Amino acid sequence: MPGAGTEATAPGAAPPAVARRGPVVAALMLAMALAALDGTVVSTAVPQIVADLGGFTVFSWLFSGYLLAVTVTLPVYGKLSDTFGRKPVLLAGIVLFLLGSALCAAAWSMPALIAFRVLQGLGGGALQGTVQTIAADLYPLKERPRIQARLSTVWATAAVAGPALGGLLAGYADWRWIFLINLPVGAVALWLVRRHLHEPASRTHARPRARVDWPGALGVFACGGLLLCALVQGGVAWPWLSAPSLALFAGSAVCAGVTAVVERRAAEPVIPGWVWRRRSICAVNLSFGALGLLIIAPTVFLPTYAQAVLGLGPIAAGLVLSVMTLSWPISAALSSHVYNRIGFRSCAALGIGLAALILLSFPLLPHPGAAWQPALVMLALGAALGLFQLPLIVGVQSSVGWAERGTATASVLFCRQVGQSVGAALFGAVANGTLAARLEDAPASVRPGLPADLDSVSRALEHASTSLTAEAAGYLRQAVSAAVDHVYLGAAGAAGLALLALLTLAPRHFPVHAGEPAAESGTESAADKYQETGKVAGVDEERRANNT
């Protein structure tokens, strides 16, 4: 019997006993908790960090630097896990994350803290991609929703508990404890992985002469870093059409061209061409890019809507958003009952179609309305996205063998991260443009009391009773509401793009690799054909060539 953390290599072979998988699952959940809690805990401690270290003008890089490091390293770690095995990559990721956490706790200045956050991100990229890949290795197709639902629950718990934990540590202890608390959690995860995760030598040493495409990895890092830096800082640190933005976009395009040439010539490319040539993986990559776009609307702009328009406090605004993270994992856990009947593509299309309709309903909410109304919309949105995301992840992971699963999983997560970065920049521009237009077109009766620039809007609404007339405050709240409405309409458009990618590119029935017991409706014949001919129905001849 294979050791814990492995899957059967022959069709029909029994998976490892659940009892032996328990410690590995616990390690995966702890490792995922490190990455999930990081952003939410840090965000609530920013005022204390800035008060202690200074650097208010650059503190946003505490998040941007981490995001850059996670995003651009995802495909690199995916390829490394396929080449050398999951265990060494996960162990290295945990060690890097803990080292970065310890250094963050000892930071003496804001630049030093930002640099150590980037180091944390280098470890976080390994955690996010490798944990998802090991989860797929650990469970066969029929049981895979169980582990994915558990990991989704970790993210949901982090979204709810993270801000409260960060506030408690920053308010009653010291902000440095938000990083030190990672050390014991990570140490337990490290020990569990080291002790209980065993991969067969037939996998980890199957390609002893495999070479790592370091030039390609450097190209991906440079291209992604320049692009994300342009998206994160454009319109914030400098105007979109300024020299820094244009230089970063141009540099990213040049790096992309050079990387494409390097990858075509590499024996073991970091981002192989088959992740875009196979219809099922290409469709999911594009769909997850659109998911990253649309998820920005609730996570970034809903708290602003709740506070500025509905007049809620920060905690209540967070609760309005958190209901989405509660319904999402529940829906994901139940999605197997849907896709086992109608298939991966149909289940995901149903979920993203419902999400588009739900997002379109947000602008129809009454103004100013009650808090339960956007909360109900978010509850429904989480349920719809649970039907969308999990079937696609399971479908992609089940369509490839062990030696390709890390790369395939990383490509999907990479596209979602890039989509989030693009969405933050795009929808930020939409919201700012709408708000600026409403301030410019304000009636003469309210114009004298309105803030002079966008940066002063939040401050003006926070002290509306003293700084604004009742008419000016009402107009400003309607302007913010219109800006958020336009963002949600854009998010609905992103959902439509995801649906279009699924319906036009994804096969009706996802191919299932020969080593997977078929669970999706209509995939049995595809699995049988794979075993007989060496390929899955719906996958072209390039797949067999790329697998050699």
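Pull up region 388-406, narrow it to residues that are part of a helix (DSSP H, G or I) and among the aliphatic types (A, V, I, L, M), then point me to the one that is farthest from K142 (Cα to Cα). Please lay out each step first, then the result.
To start, the set of residues in region 388-406 that are part of a helix (DSSP H, G or I) comprises 388-398, 402-406.
Right, trim to among the aliphatic types (A, V, I, L, M) and you get 390, 392-394, 396, 403.
Working: L390: 13, L392: 14, I393: 13, V394: 10, V396: 14, A403: 20 Å.
Ranking the candidates gives A403 first.
It is to be established whether one or more residues within region 337-351 are in contact (Cβ under 8 Å) with a residue 40 or more places away in the chain, in a loop (DSSP other than H, G, I, E, B) and aliphatic (A, V, I, L, M).
Within region 337-351, not a single residue is in contact (Cβ under 8 Å) with a residue 40 or more places away in the chain, in a loop (DSSP other than H, G, I, E, B) and aliphatic (A, V, I, L, M).
Would a scan of region 110-122 turn up a residue that is at pLDDT 80 or above, within 21 Å of V185 (Cβ to Cβ) and outside any helix (DSSP H, G or I)?
No, every residue in region 110-122 fails to be at pLDDT 80 or above, within 21 Å of V185 (Cβ to Cβ) and outside any helix (DSSP H, G or I).
For the subset of region 402-446 comprising residues that are buried (at least 20 other Cβ atoms within 10 Å of the Cβ) and touching a Lys or Arg at 6+ places or on another chain (Cβ under 8 Å), which member is nearest to A230 (Cα to Cα)?
It comes out as A410.
Quick one: K79 ticks every box in (1) surrounded by 19 or more Cβ atoms within 10 Å (Cβ to Cβ); (2) under 27 Å from A45 (Cβ atoms) except a single one, so which number is it?
It is condition (2) that K79 fails.
Select, from A470, A429, A442, the only residue that is at pLDDT below 75 and closer than 21 Å to P363 by Cα.
Working: A470 fails: closer than 21 Å to P363 by Cα; A429 fails: at pLDDT below 75.
It is A442.
Exactly one of (1) in a helix (DSSP H, G or I); (2) at pLDDT 75 or above; (3) over 15 Å from L30 (Cβ atoms) is unmet by D174. Its number?
Condition (1) is where D174 drops out.
Quick test for you: out of L96, L67, pick the one residue that is aliphatic (A, V, I, L, M), touching a Ser or Thr at 6+ places or on another chain (Cβ under 9 Å) and under 30 Å from V396 (Cα atoms).
Details: L96 fails: touching a Ser or Thr at 6+ places or on another chain (Cβ under 9 Å).
Criteria check complete, one pass: L67.
Taking G292 and the conditions (1) surrounded by 19 or more Cβ atoms within 10 Å (Cβ to Cβ); (2) farther than 19 Å from V412 by Cβ, which numbered condition does it fall short on, given that it satisfies the others?
Here G292 meets the rest and fails (2).
Residue-wise test of (1) among the acidic types (D, E); (2) farther than 21 Å from V487 by Cβ; (3) crowded, with 24+ Cβ neighbours inside 10 Å; (4) over 22 Å from the mean Cα position of the chain (by Cα).
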{"residue": "S322", "(1), (2), (3), (4)": "no, no, no, no"}
{"residue": "T325", "(1), (2), (3), (4)": "no, no, no, no"}
{"residue": "L334", "(1), (2), (3), (4)": "no, yes, no, no"}
{"residue": "L354", "(1), (2), (3), (4)": "no, no, no, no"}
{"residue": "P368", "(1), (2), (3), (4)": "no, no, no, yes"}
{"residue": "G395", "(1), (2), (3), (4)": "no, yes, yes, no"}
{"residue": "V400", "(1), (2), (3), (4)": "no, yes, yes, no"}
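Here is a yes/no grid of residues against (1) farther than 21 Å from G428 by Cα; (2) more than 22 Å from the chain's Cα centre (by Cα):
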site	(1), (2)
L246	no, yes
C255	yes, yes
V258	yes, yes
G273	yes, yes
L291	no, no
V300	no, no
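List the pairs whose first member sits in region 417-444 and is over 27 Å from G121 (Cβ atoms), whose second member is part of a helix (DSSP H, G or I) and small (G, A, S), and whose Cβ atoms are under 6 Å apart, counting only residues at least 6 apart or on separate chains?
V430/G490; T434/A482; T434/A483; L435/A479; L435/A483; R438/A479
If you take the residues of region 92-105 that are free of Cβ contacts under 8 Å to residues at least 60 places away in the same chain and surrounded by fewer than 21 Cβ atoms within 10 Å (Cβ to Cβ), which of them is farthest from V41 (Cα to Cα)?
In this case the residue turns out to be A92.
Go through the residues of region 42-54 one by one and say whether even a single one is among the aliphatic types (A, V, I, L, M) and not in a helix (DSSP H, G or I). Break it down into steps so the answer makes sense when it comes.
Looking only at region 42-54, we keep the residues that are among the aliphatic types (A, V, I, L, M), and these are 42, 45-46, 49-51, 53.
Restricting the remaining residues to those that are not in a helix (DSSP H, G or I) gives 45.
Looking through region 42-54, at least one residue is among the aliphatic types (A, V, I, L, M) and not in a helix (DSSP H, G or I).
The values are calculated or read from the model by the stated rules, or taken from the named source; none is laboratory data. On a predicted model such as this, the values are computed, not experimentally measured, just so you know. As a convention, Cβ positions derive from the backbone with ideal geometry for all residues, glycine included, and neighbour counts pool all protein chains shown.
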